[in-house]
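The values are calculated or read from the model by the stated rules, or taken from the named source; none is laboratory data. Source: prediction; values computed, not measured. We place every Cβ from the backbone using ideal geometry, glycine too, and count neighbours over all the protein chains shown.
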Amino acid sequence: MPTRSVGQEFVKGLWDENPIFRQLLGLCPTLAVTNAVINGFAMGMATSFVLIFSSLVVSSIKKLIPSQVRIASYIVIIATFVTIVDRIMAAFFPPISKSLGPYVPLIVVNCIILGRQEAFSSKNTVGRSLIDALGMSSGFIIALLILSSIREILGAGTFLGYQVMGAWFKPWIIMLLPPGAFITLGILLAIALQIERKTKSRA
Amino acid sequence: MELVAIFISAILINNFVLHYFLGICPFLGVSKKIDSALSMGLAVTFVMTITAVVSWVINHWILMPHGLDYLQIVSFILVIASLVQLVEMFIRKISPPLYQALGIYLPLITTNCAIFFLALMAALRNYGFVQSVIFGFGSGLGFTLAIILMAGIREQLEMADVPEPFKGAAITLIVAGIMALAFFGFSGMIK
């Protein structure tokens, strides 16, 4: 593995290895909760919490986990933190917890988290794993914010609940519905690929 | 009548892939050929039905009587992981050809969020035993339907002239969006 500086370790999650646009991981929650910016943001924060703490725990006890049962151990660690997040959200942010519904428990099976444990935390030091988790989380949150902003502005004419489009604007209801999620993400992926091709051909 | 409603709604109206966005990874990854899509769909249906049975038993006989509802997340995911392992061993023993056909798709089902969501949803909606099983089976069939339709379309797309950046995942997602739109046509079927 090439040695990266701490800064590069963080930045790679933002673009080069962005979990959504480049690795196509964790698409289920991405599509499901991005009908409003606040939901997307809450989902991003909840997932980041689980990712960061799971990475910390896995990287600090990696020598104790026998490799045959590592996946099961990771899942138990992740599920523990998801339960904590789920309870905290239900207690302190009941409206958001309601609107996210069963998608909060679903963080357990978010492939970004398990993927980072298997690919990174189980092989790297605690500090590096923390930086990696922070970078990946930021990349995930940014992607969720882009997607949910587009969908909320076009679908309801609002941003975080505030009216941003003029009275002439007729909301595109479809953007709030499932088809809008698929189509917006499809177009964003194509744009991301095009940007990547452009920068590659220039280099 | 209510059972029929659960069944139809799980397949067509609240389709797991097109309405709840579940199982997108296999939906994108295994929908290149109709054969493999069908195998994946059947494996998922199989595991979903069994998961519905086992998670109902655990939830109603172990967790609920002891007030341990908050352990649902941990226990369901463990049940699913061990269930997939068991099913894999079972199929390898009784039907090697089927095991060959399913190949790597079987272990992959563990990380399929649709299965986990099924267990949670059945618990959340307080389904009875029969309802849970019907719900699990119907959801599995709904997944199979969506992935086979997608595989059929993608086989045709091979021939089409898709703009370079849209190739692969992007065009597949857009097609899924149009399919989800078409599935809205079913939404009036059950009140």
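Quick check: anything in the range A:50-60 farther than 26 Å from B:LEU71 by Cβ and aromatic (Phe, Trp, Tyr)? Scanning the range A:50-60 turns up no residue that is farther than 26 Å from B:LEU71 by Cβ and aromatic (Phe, Trp, Tyr).
Here is a yes/no grid of residues against (1) crowded, with 22+ Cβ neighbours inside 10 Å; (2) among the charged types (D, E, K, R):
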residue: B:THR51; (1), (2): yes, no
residue: B:ASN59; (1), (2): yes, no
residue: B:ILE62; (1), (2): no, no
residue: B:ASP69; (1), (2): no, yes
residue: B:LEU78; (1), (2): no, no
residue: B:GLU88; (1), (2): no, yes
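Among what's in the range B:20-37 and is more than 12 Å from the chain's Cα centre (by Cα) and not small (Gly, Ala, Ser), pick the residue that is nearest to B:LEU83 (Cα to Cα). Going through the qualifying residues, I end up with B:VAL30.
Would you say A:ARG22 is within 12 Å of another protein chain (Cβ to nearest Cβ) and among the basic types (Lys, Arg)? Yes.
Contact map, the range A:66-92: first residue within 12 Å of A:GLN117 (Cβ to Cβ), second residue acidic (Asp, Glu), Cβ cut-off under 8 Å, separation 6 or more or different chains; pairs are A:ARG70/A:GLU118; A:ILE71/A:GLU118; A:TYR74/A:GLU118.
Scanning the range A:164-201 for residues that are more than 7 Å from chain B (Cβ to nearest Cβ), polar (S, T, N, Q) and over 19 Å from the mean Cα position of the chain (by Cα) turns up A:THR199, A:SER201. It is to be established whether one or more residues within the range A:77-99 are under 27 Å from A:GLU152 (Cα atoms), polar (S, T, N, Q) and either within 14 Å of chain B (Cβ to nearest Cβ) or crowded, with 24+ Cβ neighbours inside 10 Å (or both). Yes, the range A:77-99 has at least one match. Only one of the numbered conditions (1) hydroxyl-bearing (Ser, Thr, Tyr); (2) closer than 14 Å to B:MET150 by Cβ; (3) at pLDDT 85 or above is not met by B:THR45, and that is (2). Within the range A:15-34, identify whether any single residue is charged (D, E, K, R) and at pLDDT 85 or above, and answer yes or no. No, that holds for no residue.
Being out of contact with any Ser or Thr (no Cβ under 7 Å at 6 or more places or on another chain), within 27 Å of B:ALA180 (Cα to Cα) and among the hydroxyl-bearing types (Ser, Thr, Tyr) is a property that does not hold for A:SER122.
Scan the range A:113-123 for residues that are in a helix (DSSP H, G or I) and either at pLDDT below 85 or surrounded by fewer than 24 Cβ atoms within 10 Å (Cβ to Cβ) (or both) and the total you get is 5.
Scanning the range B:1-47 for residues that are surrounded by fewer than 23 Cβ atoms within 10 Å (Cβ to Cβ), within 10 Å of chain A (Cβ to nearest Cβ) and of a type in the set (A, V, I, L, M, F, W, C) yields B:CYS25, B:LEU28.
Just one of the listed residues (B:LEU108, B:LEU181, B:LEU145) is surrounded by fewer than 20 Cβ atoms within 10 Å (Cβ to Cβ), assigned to a helix (DSSP H, G or I), without any contact (Cβ under 8 Å) to a residue 40 or more places away in the chain and not β-branched (Val, Ile, Thr), and it is B:LEU181. Restricting attention to the range A:25-76, the residues being closer than 30 Å to A:GLY155 by Cβ and within 14 Å of another protein chain (Cβ to nearest Cβ) number 17.
Being in contact (Cβ under 8 Å) with a residue 12 or more places away in the chain, assigned to a helix (DSSP H, G or I) and within 14 Å of another protein chain (Cβ to nearest Cβ) holds for only one residue in A:ILE107, A:ILE141, and it is A:ILE107.
Among the residues of the range B:128-168, not one is of a type in the set (Ser, Thr, Tyr) and modelled with pLDDT under 90.
Kindly provide the set of residues from the range B:158-191 that are within 13 Å of another protein chain (Cβ to nearest Cβ) and over 19 Å from A:LEU177 (Cα atoms), ordered by number. Those that are within 13 Å of another protein chain (Cβ to nearest Cβ) and over 19 Å from A:LEU177 (Cα atoms): B:VAL162, B:PRO163, B:GLU164, B:PRO165, B:PHE166, B:LYS167, B:GLY168, B:ALA169.
Consider the range A:175-203 and keep the residues that are touching a helix residue (DSSP H, G or I) at 6+ places or on another chain (Cβ under 9 Å) and among the small types (Gly, Ala, Ser). The one that is surrounded by the most Cβ atoms within 10 Å (Cβ to Cβ) is A:ALA181.
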